[in-house]
1. Give me the pairs, please: first residue somewhere in the stretch 143-158 and under 21 Å from ARG104 (Cβ atoms), second residue anywhere and aliphatic (A, V, I, L, M), beta-carbon distance under 6 Å, and either six or more positions apart or on two chains.
2. Mind checking which strands (runs of 3 or more DSSP E) fall wholly inside the stretch 110-155 and carry at least 1 residues that are crowded, with 21+ Cβ neighbours inside 10 Å?
3. Any idea which residue in the stretch 60-71 is modelled with the lowest pLDDT, counting only those that are hydroxyl-bearing (Ser, Thr, Tyr) and part of a loop (DSSP other than H, G, I, E, B)?
4. From the set of residues in the stretch 83-95 that are in a loop (DSSP other than H, G, I, E, B) and closer than 22 Å to GLN157 by Cβ, which is least open to solvent (accessible area, probe 1.4 Å)?
5. Could you please tell me which pairs satisfy a Cβ distance under 7 Å, a separation of 6+ or placement on different chains, a first residue in the stretch 32-59 that is of a type in the set (Ser, Thr, Tyr), and a second residue that is surrounded by 20 or more Cβ atoms within 10 Å (Cβ to Cβ) and in a loop (DSSP other than H, G, I, E, B)?
6. Select from the stretch 4-34 the residues that are in a loop (DSSP other than H, G, I, E, B) and in contact with a helix residue (DSSP H, G or I) (Cβ under 8 Å, 6 or more places away or on another chain) and write down the one among them that is least open to solvent (accessible area, probe 1.4 Å).
7. Give the residues of the stretch 99-109 that are of a type outside the set (S, T, N, Q) and either touching a Cys at 6+ places or on another chain (Cβ under 6 Å) or open to solvent by less than 20 Å² (accessible area, probe 1.4 Å) (or both), sorted by residue number.
Amino acid sequence: YSSNYGIYHYHDSVTASVSGCTFQNNGGYPLYWNPQFVASIGNDNSFSGNGVQRILLKSLILTGAVTWSNKGIPYEMDADLTLHNNANEFIMQPGTELQFKNGRRLYIGDNNYTTERGHIIATGATFCAANPAQGWNGLAFQAFTLPSTLTGCTIKQVNAAPLGAATIYCDNTV
């Protein structure tokens with residue numbers, strides 16, 4: 001039990017791993033985690049009775065290869081998530097849910113630097129708002145990206161006003 005987070009792992013260069021644990025009755029989120037190290041959260045943890053039944057992820061620019069799997073509760077970004085992973089794969093496995101706060105989005109690639117390309121491979125994943133009444137700002141595929149694949153995914157509860165009337169925004173797409 002904690003009045004806030006069960007475990008707070010924010011560091012950029014040191015990983016932690018958690019497996020076979022029960023996160024119960026924490027006042028806030030059971031985990032606050034660095035997204036680069038989501039794979040070190042075992043699929044055999046259990047989560048119940050926490051103030052917020054989601055894994056809160058630190059906002060950052062992902063550059064390495066990462067695979068996110070369904071941990072039994074959704075992931076929530078604390079701000080925007082940007083993919084500058086170039087040839088490194090960012091994979092979201094079936095059943096994985098990624099939630100965003102109002103005004104936040106998933107950026108894939110970059111509009112200014114050809115060396116900051118991004119891509120995503122997601123199958124059966126859900127992208128949505130942490131608060132459905134407030135929405136979020138969707139996926140933004142920038143000018144410099146690599147081929148991405150979204151297969152059987154659900155994208156919902158988007159407020160698209162900042163980039164036009166689209167759930168998925170693609171800049172300079174051919």
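The values are calculated or read from the model by the stated rules, or taken from the named source; none is laboratory data. Everything numeric here is computed off the predicted structure, so don't read it as measured data. Counting neighbours? That spans all protein chains shown, and the Cβs are built from the backbone with ideal geometry, glycine included. To get the accessible areas, we keep the full protein, side chains included, count just its heavy atoms, and leave off ligands, DNA and RNA. Shrake-Rupley method; radii C 1.70, N 1.55, O 1.52, S 1.80 Å.
1. Partner pairs satisfying both residue conditions: THR145/ILE108; SER148/ILE120; LEU150/ALA122; CYS153/ALA122; CYS153/ALA125; GLN157/ALA129.
2. In the stretch 110-155, the matching strands (runs of 3 or more DSSP E) lie at 121-123, 126-129, 139-141.
3. So, considering only residues that are hydroxyl-bearing (Ser, Thr, Tyr) and part of a loop (DSSP other than H, G, I, E, B), the one modelled with the lowest pLDDT is THR63.
4. The residue in question is GLY95.
5. From residues that are of a type in the set (Ser, Thr, Tyr), the pairs are TYR32/TYR5.
6. Checked the stretch 4-34; the qualifying residue least open to solvent (accessible area, probe 1.4 Å) is HIS9.
7. Residues satisfying the conditions are PHE100, ARG105, LEU106, ILE108, GLY109.
One line per residue, one yes/no per condition, for (1) surrounded by fewer than 13 Cβ atoms within 10 Å (Cβ to Cβ); (2) touching a Leu at 6+ places or on another chain (Cβ under 7 Å); (3) more than 20 Å from LEU146 (Cβ to Cβ); (4) at pLDDT below 95:
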residue	(1), (2), (3), (4)
SER2	no, no, yes, yes
GLN36	no, yes, no, yes
LYS58	no, no, yes, yes
ILE73	no, no, yes, no
GLU97	no, no, yes, no
